[in-house]
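Here the structure comes first, spelled out in structure tokens, and everything after it is commentary.
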Amino acid sequence: MKIIDQSLLQLLETWRNELVQANTDQQLEALRITYLGRNGRINELMAQLKTMPLEEKRAFGPQIQELQQIITQELQALQQTFITQAFNQELNKQKDFDVTAHVPSALDKPSGSLHPYTHLIERIEDIFTSMGFAYAKGPEVETEWYNFEALNIPADHPARDMQDTFWLTTPGLLLRTHTSSVQIHTMKNQQPPLAVFTPGRVFRHEATDATHDFMFMQCEGLLIDKNISLTHLCSLLKVFMRGLFEKNDLSIRLRPSYFPFVEPGLEVDISCIFCKTGCALCKKTQWIEMGGSGLVHPATLKACGIDPAVYSGCAWGIGIERLAMLLYGINDIRLFHSGKIEFLKQF
Ligand code: FA5
């Protein structure tokens, strides 16, 4: 069908004039709506048909349809041209893409990293879980009973002075001074046999220096079962420390010490990881102090409702920052919670 109606021919011409000016997808879409949309020009013409006499309708109707078809085809053709152009542009961009180009803005963007605590706790967790130990948590705000009394440190015991305490204004409440309090929660809540490790933050009312802080992290290992002896403690310590430092020839040394909640109490040293003959880090002794340990005191077992005639246990506790300082070569403990980006960026 040929369009002969003058008004339709004029509309077609206007359409073509507007079409050649469309340069973007958005402009093309706006044109589509104007001409082919629900309230567009073509539908306006269709609506006029309804009021026309039959003869005119027969002549006019097919011409409108023809016009609609032409507009649709021309619109689609231009849409296709736009798609092809965009595709070719992308292809050209890829052709000119220089993989060796330096992009300073992307490189300068700050990116996050894991805190050394997280690195180390994940490492500790791996070793403990490989030995069958479970993760145990306890509160940072403690009662005097969990932090001291159940650990065989009554109110008048001189050992309370070993760990200067932050007391809260509520009588009997304090910030835990060590993670040994988590041993008590575990032993009170679970029946032996049990094996747990307890990474967590502790607080001591102490002056700070490069190796002492008032807030630091500790982690303990605790094993309770029948017939647990020093042999178990020694071999667990050996597996743990060798895993931690990834050194199969690392030696363990135990020295008599005193912690009221273990008997005997032992200080744990490891052979120096930096030298064989004595260096600045081991203070020429070839040994590095790692923490406290011992066999769980019968009074502590009893306080938690465990019969010391049936069960015994061993425990050890280490400071995480001092360990991280050794492993990562950090020279000041206060850097850990300084929030300094320069420090954190290194991990
Ligand atoms: C204790 O806290 C015992 N609860 C450990 C223990 C567990 C003994 C189980 C026996 C059985 P000590 O006060 O020595 O022990 O602290 C253990 C470790 O915490 C130390 O070896 C050290 O690495 C770290 N530590 C202690 N005081 C500080 C401090 N002010 N700043 C940083 N780290 C510290």
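The values are calculated or read from the model by the stated rules, or taken from the named source; none is laboratory data. Just so we're clear, the structure is a prediction, and the values are computed from it rather than from any experiment. Please note: Cβ atoms are built from the backbone with ideal geometry, for glycine as well, and neighbour counts cover all protein chains shown. We work out accessible area using only protein heavy atoms, side chains counted, and drop any ligands, DNA or RNA first. Shrake-Rupley method; radii C 1.70, N 1.55, O 1.52, S 1.80 Å.
Direction-averaged shadow area of the convex hull around the Cα atoms of the chain, nm²?
Taking the Cα atoms of the chain, their convex hull projects to 34.9 nm² on average.
Counting DSSP beta bridges with both partners in the chain, what percentage is antiparallel, nearest 5?
Just about 95 percent of them are antiparallel.
Return a whole-number percent for the relative contact order of the chain, with Cα pairs under 8 Å and 6 or more residues apart as the contact set.
14 percent
Run the simple label-point estimate for Asn227 and Tyr328 please: 7 Å along Cα→C-beta, distance reported in nm.
4.3 nm
Run the dipole for region 116-344 about the Cα centre, Lys and Arg Cβ at +1, Asp and Glu Cβ at -1, nothing else charged, and hand back the magnitude in debye, nearest 20.
500 debye
Quote to one decimal, in nm, the extra length available between Lys95 and Leu173 on full extension: 0.36 nm per residue of separation minus the C-alpha distance between them.
Taking Lys95 through Leu173 to full extension adds about 21.1 nm, to one decimal.
Report, in listed order, any pair from Lys137/Lys238; Lys247/Lys283; Lys238/Lys340; Lys137/Lys302; Lys247/Lys284; Lys238/Lys284 with a Cα-Cα distance greater than 26 Å.
Lys238/Lys340
Tell me the chymotrypsin sites (Phe, Trp or Tyr not before Pro) within region 240-344 that lie in a loop according to DSSP and have at most 15 other beta-carbon atoms within 10 Å.
Counting only loop positions with at most 15 other Cβ atoms within 10 Å, the chymotrypsin sites (Phe, Trp or Tyr not before Pro) in region 240-344 are Tyr258, Phe274.
So what J values fall out for region 258-267 if you push phi through Karplus, 6.51 cos²θ - 1.76 cosθ + 1.60 with θ = phi - 60°, rounded to Hz, Gly and Pro as x?
Running phi through 6.51 cos²θ - 1.76 cosθ + 1.60 with θ = phi - 60° gives 9, 9, x, 8, 9, 8, x, x, 9, 8 Hz.
Restrict the search to region 59-97; then list the chymotrypsin sites (Phe, Trp or Tyr not before Pro) that DSSP places in a loop and that have at most 10 other Cβ atoms within 10 Å of their Cβ.
Phe97
Under a crude label model (7 Å from the Cα following the beta-carbon direction), how far is Glu263 from Glu246 in nanometres?
It works out to 4.3 nm between the two label points.
Tell me, what is the FRET efficiency for Leu49 and Thr84 to the nearest 0.05, using R0 = 35 angstrom and their Cβ-Cβ distance as r?
Once the sixth-power term is evaluated, E becomes 0.40.
Using θ = phi - 60° and the Karplus curve 6.51 cos²θ - 1.76 cosθ + 1.60, what whole-Hz ³J(HN,Hα) does each residue of region 242-249 get, with Gly and Pro shown as x?
Karplus values, whole Hz, x for Gly and Pro: 5, x, 4, 9, 6, 9, 6, 9.
Could you pull out every one of the lysines with an alpha carbon less than 19 Å from that of Lys345, ignoring same-chain neighbours closer than 8 positions?
List returned: Lys109.
Return the Cα extents of region 189-347 along principal axes one, two and three, sorted largest first, each rounded to a whole Å.
Result, largest extent first: 52, 35, 26 Å.
Considering only DSSP states other than H, G, I, E and B, which trypsin sites (Lys or Arg not before Pro) in region 245-297 qualify as loop sites with at most 10 other Cβ atoms within 10 Å?
Those satisfying the criteria are Lys276.
Could you do me a favour and compute the accessible area per residue for region 6-95, 1.4 Å probe, result in Å²?
70 Å²
Mind listing the phi-derived Karplus ³J(HN,Hα) values for region 15-24, rounded to whole Hz, using 6.51, -1.76 and 1.60 with θ = phi - 60°, and x for any glycine or proline?
Whole-Hz 3J(HN,Hα) from phi for region 15-24: 3, 5, 4, 6, 4, 5, 8, 6, 10, 10.
Would you mind checking which residues have amide H under 5 Å from Trp287's amide H? H placed 1.01 Å from N; only 5 or more apart, or other chain.
Close amide H contacts, sequence-distant or interchain: Cys272.
Pop out the carbon and sulfur fraction of the accessible area of the chain as a percent, whole number, probe 1.4 Å.
C and S atoms contribute 53 percent here.
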